[in-house]
Amino acid sequence: MKVPFPNRGNFYDKDDINAVLSMLDVASSDKKWEIIHQFEDDFASYIGAKHALSVSNATAALHLSLKAIGLKPGDEVITTPMTWAATSNVILLEKAKPVFVDVEPDTLNIDPSKIEEKITEKTKAIIPVHLYGHPVDLGPIMKIAEEHNLKVIGDAAHAPGAEYKNKKIGSIEHMAAFSFYTQKNMSTLGEGGMVVTDNSDFFEKLKLYQNHGVEYLKSIKEKPWFRNCIVPGYNYRLSEGQAAVGITQLKKLDSFNKKRRELAKIYSELLGKVEGITMPIEKDYAKSSWHIYSIKIEKDFGVSRDEVCLNLNKLGVGSNVHYTPVHYFLPYQKLGYKKGDFPVAEEAYEKIISIPLSVNMEREQVEYVVECLREIRK
Ligand SMILES: Cc1ncc(COP(=O)(O)O)c(C=O)c1O
């Protein structure tokens, strides 16, 4: 049996395909914008946020969020080292400083109890990452942000549909960024993203920078052709074909997440009987979107994580490591970060391995992966 990583199978159904096809003969840009705005409105109401802006990917969403808060060179943004580099790269791109805070040992999310000691006069924002789709403990973070007048930008690339205390991720933070990349919980033809907010000022700035820095859809009566570029912006727009499939994908997101939850439950039941493996948990306050199922290979498993990875591969099972702590990468070493700075993230990095979890997997595939792990342990 082969269980690739990711294991998408036929991810798009007839509705998705027809939605894309229906965009191929769109003759006017009015129709284009109608579809894009519909996707944004649907997403905003799904999350329970006032505004949503579709963008080309989550990196763009995070970048625009920093533009929206007016981040300046030399400012500081607090975030986690246990994430994909995109989260902190956008801080560097604005010539600001990413200030990392170590993670909780169980969720591997940023540890709220370690944030306050890192706040300085230069701190402007916190970017918590809802790693693997498990919500960050947002309560204390929003409180710290309020006390220190900071903005919270959720990196929700993994977390569409996840909930913190029964509220959707993205409805609590000041802004939040979602990804619709190929293997994410929902996808818009392999790339795409969304940024959501309740704040109308932020929303205006997000739109401005997303679309070349041009005052959005504002034109003068006598000169309807006139567009005013007021800042140098980007083209971070989503296409109408992507928006069309986003609309149909969003309708299925809850059922996708339900399936992921069921598969995760089977994994945890079966892996509970294998010594030397620590399974991911779900905290009382959390409803995970189960984007990634990451286990820890402990010492008493008797085989190292790297060997597990190679052996799984030989048995036809794909795997991955999410993530190499960002402070190990060159741009961050150049800032003075070094091995030893974030011991919890670093220790976890030696042990973690993500095993296949995708919406089209079947129980037998989960059982096969667990059987392979048992075999490797022997
Ligand atoms: C935690 C996290 N943040 C941000 C991103 C960036 O997402 P995108 O590829 O849509 O730019 C990713 C991508 O995988 C991610 O995992």
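Taking the range 1-85 on its own, what percent of its Cα-Cα pair distances exceed 21 Å? Cα-Cα pairs in the range 1-85 separated by more than 21 Å: 58 percent. State whether the range 128-182 is rounded, prolate or oblate according to the following rule on the C-alpha gyration tensor (a ≥ b ≥ c being the square roots of its eigenvalues): a/c under 1.5 gives rounded; otherwise a/b larger than b/c gives prolate, and the remaining case gives oblate. Taking the square roots of the gyration eigenvalues as a ≥ b ≥ c, the range 128-182 is prolate.
Between N235 and D25, with labels modelled 7 Å along Cα→Cβ, what's the label distance in nm to one decimal, could you check? Rounded to a tenth, the inter-label distance reads 2.7 nm.
Coupling constants for the range 238-248 follow from the phi torsions by the Karplus curve (6.51 cos²θ - 1.76 cosθ + 1.60, θ = phi - 60°), and in residue order they are 9, 8, 5, x, 5, 5, 4, 6, x, 5, 6 Hz; glycine and proline get x. Solvent-accessible area of the range 127-207 (1.4 angstrom probe, protein heavy atoms only): carbon and sulfur portion equals 44 percent. The relative contact order of the range 245-315 comes to 28 percent, based on Cα pairs under 8 Å that sit 6 or more residues apart. Largest first, the residues W33, W84, W290, W225 sort by 1.4 Å accessible area into W225, W84, W33, W290. First select every other residue whose beta carbon is under 11 angstrom from the beta carbon of K251; then total the charges, Lys and Arg +1, Asp and Glu -1. Summing Lys/Arg as +1 and Asp/Glu as -1 gives -4. Taking Cα atoms only, the orientation of helix 138-148 departs from the longest principal axis of the chain by about 50 degrees. One Cα centroid belongs to the range 55-104, the other to the range 317-378; the line between them spans 22 Å.
Note on K299 and E269: with the Förster distance fixed at 22 Å, the Cβ-Cβ geometry gives a FRET efficiency of about 0.40. Here's how it looks for G154: its modeled amide H is under 5 Å from those of H174, M175, A176, A177, which are all 5 or more places away or on a different chain.
One compactness figure for the range 316-378 is 1.53, namely its Cα radius of gyration divided by 2.2 N^0.38 Å. Here the Karplus curve 6.51 cos²θ - 1.76 cosθ + 1.60, taken at θ = phi - 60°, turns the phi angles of the range 106-112 into couplings of 8, 8, 6, 7, 3, 8, x Hz, with x standing for Gly and Pro.
Taking only the alpha-carbon positions of the range 224-324 and ignoring solvent, what does the Debye formula give for the base-10 log of I(q)/I(0) at q = 0.14, 0.25 Å⁻¹? Those come out to -0.78, -1.38, one per q.
Pairs with C-alpha atoms separated by more than 23 Å, drawn from the list K165/K259; K114/K143; K67/K338, are K67/K338. Note on D15 and K122: the extension gain reaches 33.7 nm, defined as 0.36 nm multiplied by sequence separation minus the Cα-Cα distance. 3J(HN,Hα) along the range 249-257, derived from phi through the Karplus expression 6.51 cos²θ - 1.76 cosθ + 1.60 where θ = phi - 60°, amounts to 5, 4, 4, 9, 4, 4, 6, 4, 5 Hz, with x in place of Gly and Pro. For the peptides 233-240, 60-67, residues were scored by their other Cβ atoms within 10 Å and the scores averaged per peptide; the highest-first order is 60-67, 233-240. Taking 7 Å steps out from each Cα toward its Cβ at V321 and K95 produces label points 3.5 nm apart.
Compared with the dominant principal axis of the Cα atoms in the chain, helix 29-47 is inclined by about 50°. Could you please report the charge total around S88, scoring K, R as +1 and D, E as -1 over all other residues with beta-carbon less than 15 angstrom from its beta-carbon? Residues near S88 contribute -1 overall. With a Cα-only, solvent-free Debye model of the range 72-227, what are the log10 I(q)/I(0) values at q = 0.11, 0.17, 0.20 Å⁻¹? After summing over all Cα pairs, the log10 values are -0.47, -1.03, -1.35. One way to sum up the overall shape of the chain is the equivalent ellipsoid from its Cα gyration tensor, whose semi-axes run 35, 27, 17 Å, largest first. Per residue, the chain exposes 45 Å² of solvent-accessible protein surface, assessed with a 1.4 angstrom probe and all protein chains in place. Legend: residue pairs K334/K378; K184/K339; K122/K296, Cα-Cα distance threshold 32 Å; pairs beyond threshold, K334/K378; K122/K296. Would you please give the residues with an amide H less than 5 Å from that of V3, counting only those at least 5 places away or on a separate chain, with H modeled from the backbone geometry? Here V317, G318 satisfy the definition. Taking every DSSP bridge with both residues inside the chain, close to 60 percent are antiparallel.
The values are calculated or read from the model by the stated rules, or taken from the named source; none is laboratory data. A quick note: this is a predicted structure, and the numbers were derived from the prediction, not measured. Ideal geometry is used to build each Cβ from the backbone, glycine not excepted, and the neighbour counts take in all protein chains shown. Remember, those area values only see protein heavy atoms, side chains included, never the ligands or the DNA or RNA. Shrake-Rupley method; radii C 1.70, N 1.55, O 1.52, S 1.80 Å.
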